[in-house]
Amino acid sequence: MMIWQTKITKMTKIKYPLIMGAFGGWGKAEFASHFSNAGGLGIIAALNFPDFNDFRKELFKMKQLTDKPFGINLSLPHSNLENPKKKTRSMEDYLNYVEMALKENITIFTTSGYKASFIGKRIHEGGGLWFHKCVLMKHALSAQNDGADAVTIVGLEGTGFKHPLTNTTLINITMGKKLLKIPIIAAGGIGDSRGFLSALLMGAEAVCLGTALMGTKECPVSEKIKNKWLHQDIFSKEFHEKIYLYNTKNFMAPSTAIGHCNKIVSLKEFIDDLMKGAEDILKNWGFKSGFFKTIS
Ligand SMILES: Cc1cc2nc3c(=O)[nH]c(=O)nc-3n(C[C@H](O)[C@H](O)[C@H](O)COP(=O)(O)O)c2cc1C
C-alpha cells in the first residue's frame, strides 16, 4: 500500500488526503466515523445539533466510534450574519460551538459560506486548525488574508451553493496554486481515482468529497433514494441545467460525481477502491515509489 503525504495529511495526521464534505442533516457521528475509520477526515456538521448539549454528546459518541482524526464544520449563511432580517444564528452561537469543541479537544475546524474570520480567530486562540470553504478565488484569498490554515474551493461541478461567478475545479485549483500560499483542498465533481489524483496533480493538498459518499451504505437515506441517484443520467439536459445553471441558492442534489458511482458500497470499500485505483494509475505511469508526496 502506498503512503500518501501532503501538507493536509501532515497537518491533520490522516492517512489519505481525503476530507468529508460538510453535510447538513447527515454529518453526524455514525456517518462521519466511518469516513475517519477508512482513512479520511470525517466531519460532524455542528449545526445539525441546535442544542449544544446534543452537540457535546455527539462529539463524545464520535470519540467512541473512532480513534482517528475528525473535524467539525460550521456553515454560515451566504449573507451577513449581522443583518437582523436574515439572521438565523448569532455570532455568539457560532462561537459557542467552537468553545464547546475546543473544550472537548477538537483541533480541526472547517467553516463554509460567508466570511468566517471571527470563528477562525477563536479557533486559533484555542490552538486549532481552521480550514475555510468557499466558491470564489477572491474569497479564498480573503480567507488566507484572515489567517485560514487551508482553503477548500468548490468548483462548478460540485453540489451546494453556487455563485454566478463560480469557476470549474480545474481553474480553481490550477489558478489557486499560483495565487494562494496556503494549502488548497479541491471540491466539486470528484468521485473517482482519476479525479482524485488529478486534483493533487493540479495543486491540491487534499480532496473534499460530498456527492461521491451519497451512494455509500452509511449515508443515512433509504436504498430507494440512493438507487435513484445512482441511476441519474448526468448527461441529460435537465441535469446539466440543474448543476451548471443553478446559482445563488443552496442546492443539495447529487453533483456530476454521482456519475462515477454505480452501486451501493460501504464507505471503506469506496475509499479503498479510490486509493487503490490511484495507486494503480501511478504504477501504470511508471511511478515506482511506494510513497506519494506533494511536499518537496
Ligand atoms: C446533501 C448535502 C448536504 C450538504 N450540506 C452542506 C452544508 O451544510 N454545509 C456545507 O458547507 N456544504 C454542504 N454540502 C456541500 C459539500 O460539503 C461539498 O462541498 C460538496 O458536496 C462538494 O461537491 P461534490 O458533491 O461534487 O463532491 C452538502 C452537500 C450535500 C450533497
Failed item in (1) among the charged types (D, E, K, R); (2) open to solvent by less than 40 Å² (accessible area, probe 1.4 Å); (3) not in a helix (DSSP H, G or I), with Lys263 passing the rest = (2)
Total residues in region 165-179, condition part of a helix (DSSP H, G or I), surrounded by fewer than 17 Cβ atoms within 10 Å (Cβ to Cβ) and not hydrophobic (A, V, I, L, M, F, W, C) | 3
Condition broken by Ile182, with the remaining ones in (1) closer than 16 Å to Ala257 by Cβ; (2) away from the ligand (no atom under 14 Å from the Cβ); (3) outside any helix (DSSP H, G or I); (4) among the hydrophobic types (A, V, I, L, M, F, W, C) satisfied = (1)
Counting only residues that are part of a loop (DSSP other than H, G, I, E, B) and within 18 Å of Ala101 (Cα to Cα), which one in region 117-136 is nearest to the chain's Cα centre (by Cα)?
-> Gly128
Leading residue by the ranking (farthest from the ligand (Cβ to nearest atom)) among those in region 15-60 that are open to solvent by 10 Å² or more (accessible area, probe 1.4 Å), in contact (Cβ under 8 Å) with a residue 12 or more places away in the chain and farther than 20 Å from Cys219 by Cα | Phe60
For region 153-169, name all the residues that are touching a Phe, Trp or Tyr at 6+ places or on another chain (Cβ under 7 Å) and either within 8 Å of the ligand (Cβ to nearest atom) or at pLDDT below 85 (or both).
-> Thr159, Gly160, Lys162
Any idea how many residues of region 137-161 are assigned to a loop (DSSP other than H, G, I, E, B) and more than 13 Å from Gly189 (Cα to Cα)?
-> 5
If you scan region 185-203, which residues turn out to be crowded, with 24+ Cβ neighbours inside 10 Å and either of a type in the set (A, V, I, L, M) or assigned to a loop (DSSP other than H, G, I, E, B) (or both)?
-> Ile185, Ala186, Ala187, Gly188, Gly189, Ile190, Gly191, Ala199
Lone qualifier among Glu92, Glu104, Glu157 - being without any contact (Cβ under 8 Å) to a residue 40 or more places away in the chain and open to solvent by 20 Å² or more (accessible area, probe 1.4 Å) | Glu92
If you scan region 188-225, which residues turn out to be within 9 Å of the ligand (Cβ to nearest atom) and not hydrophobic (A, V, I, L, M, F, W, C)?
-> Gly188, Gly189, Gly191, Gly210, Thr211
Taking region 135-152, which residues are under 21 Å from Thr9 (Cβ atoms) and either out of contact with any strand residue (DSSP E or B) (no Cβ under 6 Å at 6 or more places or on another chain) or more than 10 Å from the ligand (Cβ to nearest atom) (or both)?
-> Ala140, Ala143, Gln144, Ala148, Asp149, Ala150, Val151
Lone qualifier among Ser222, Ser266 - being modelled with pLDDT of 90 or more, touching a strand residue (DSSP E or B) at 6+ places or on another chain (Cβ under 9 Å), within 19 Å of Phe23 (Cα to Cα) and among the small types (Gly, Ala, Ser) = Ser266
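The values are calculated or read from the model by the stated rules, or taken from the named source; none is laboratory data. As the structure is a computational prediction, the values presented were derived from the model and not from experiment. Please note: Cβ atoms are built from the backbone with ideal geometry, for glycine as well, and neighbour counts cover all protein chains shown. Keep in mind that these areas ignore ligands, DNA and RNA; they rest on the heavy atoms of the full protein, side chains included. Shrake-Rupley method; radii C 1.70, N 1.55, O 1.52, S 1.80 Å.
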